[in-house]
1. How do 160-170, 188-198, 96-106 rank on mean C-beta neighbours within 10 Å, highest first?
2. So how do 65-77, 13-25 stack up, highest first, on mean other-Cβ count within 10 Å?
3. Amide H neighbours of GLY146 under 5 Å, counting only residues 5+ apart in sequence or on other chains, H built in-plane at 1.01 Å?
4. On the accessible surface of the range 129-178, probed at 1.4 Å, how many percent belong to carbon and sulfur atoms?
5. Which is farthest toward the positive dipole end of the chain among GLY196, THR91, PRO128, measuring Cα position about the Cα centre, with Cβ charges +1 (Lys, Arg) and -1 (Asp, Glu)?
6. How much accessible area per residue does the chain have, in Å², with a 1.4 Å probe?
7. Over all alpha-carbon pairs in the range 69-191, figure out the percentage whose distance exceeds 21 Å.
8. What percent does the relative contact order of the chain come to when contacts are Cα pairs within less than 8 Å and at least six residues apart?
Amino acid sequence: LGSRVLVPAIHDEIEGVSGVVLPWRQPLSDQRALWRVQREMIRPGLSRWLREVARHTRRPVDSVEKSFLRPLRYMAETALATDDIRRAARTSLDELEAESWKPCHVLEHNDVWRGNVLLELPRPRRIPLSRRFVLTDWPGARIDDGYPIYDLVRMADSFGMSSPALARELRLYADILECSPHSCMGYLLASLGRLGLEPEHFLEKLYRDAMRRCFSILQAGLSLRP
């Protein structure tokens with residue numbers, strides 16, 4: 001799993017400003033036809049990698065109040081959310097209080113989209129494209145207190161995963177997380193709520209739009225039988 005993490009070649013600080021130099025890897029294509037081919041080939045491997053990360057980094061929650069109750073209360077009250085999002089957040093809060101959902105943490109990259117997926121070089125043709133990707137831009141990752149599902153939804157959006165395919169992935173995640181597929185919504189909303197409580201990371205409009213889009217994508221996946 002660690003081989004998919006692009007490790008900086010140099011990490012230093014100059015006059016109080018930190019930075020890294022990363023090994024060069026090939027960005028995904030901007031040409032529409034080639035990008036369509038790349039995303040169809042990479043998506044299965046990336047989906048499988050995210051799923052296995054969740055499986056192998058799953059850990060108990062130290063503070064349900066900090067990690068889940070507080071961000072879900074934010075989602076249930078914020079004016080940036082739609083009525084549907086606020087209702088879903090309240091439902092997740094009820095499930096936590098009833099202990100019908102017992103959440104966990106996983107490693108979370110926090111920004112899985114095509115711009116942060118690069119291709120390893122050189123290009124050994126015997127290795128399929130689905131195994132030659134690396135992920136970059138890890139400063140915003142949550143190592144010990146990340147949330148499942150958000151990375152999956154962002155990847156599904158950026159890589160054009162269909163709702164039926166997402167429904168199948170959610171069933172697999174539910175088995176790993178030992179919860180119902182419906183509880184995946186609570187994980188997503190808690191992750192989004194945590195971002196909302198840290199407004200320095202997002203402009204308000206971008207955060208609002210991302211919140212609503214992620215909710216809509218997951219809702220579509222949950223509405224289908226895998």
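1. Highest mean packing first, the order is 188-198, 160-170, 96-106.
2. In decreasing order of mean packing, 65-77, 13-25 become 65-77, 13-25.
3. HN-HN under 5 Å from GLY146: VAL106, GLU108.
4. That share works out to 45 percent.
5. Selected residue: PRO128.
6. Value for the chain: 54 Å² per residue.
7. Value for the range 69-191 (Cα pairs over 21 Å): 49 percent.
8. Once normalised by length, the contact order is 25 percent.
The values are calculated or read from the model by the stated rules, or taken from the named source; none is laboratory data. All values reported here derive from a predicted model rather than from experimental measurement. Glycine also receives a Cβ, built like all others from the backbone with ideal geometry; neighbour counts cover every protein chain displayed. Ligands, DNA and RNA are excluded from the accessible area calculation, which covers all protein heavy atoms including side chains. Shrake-Rupley method; radii C 1.70, N 1.55, O 1.52, S 1.80 Å.
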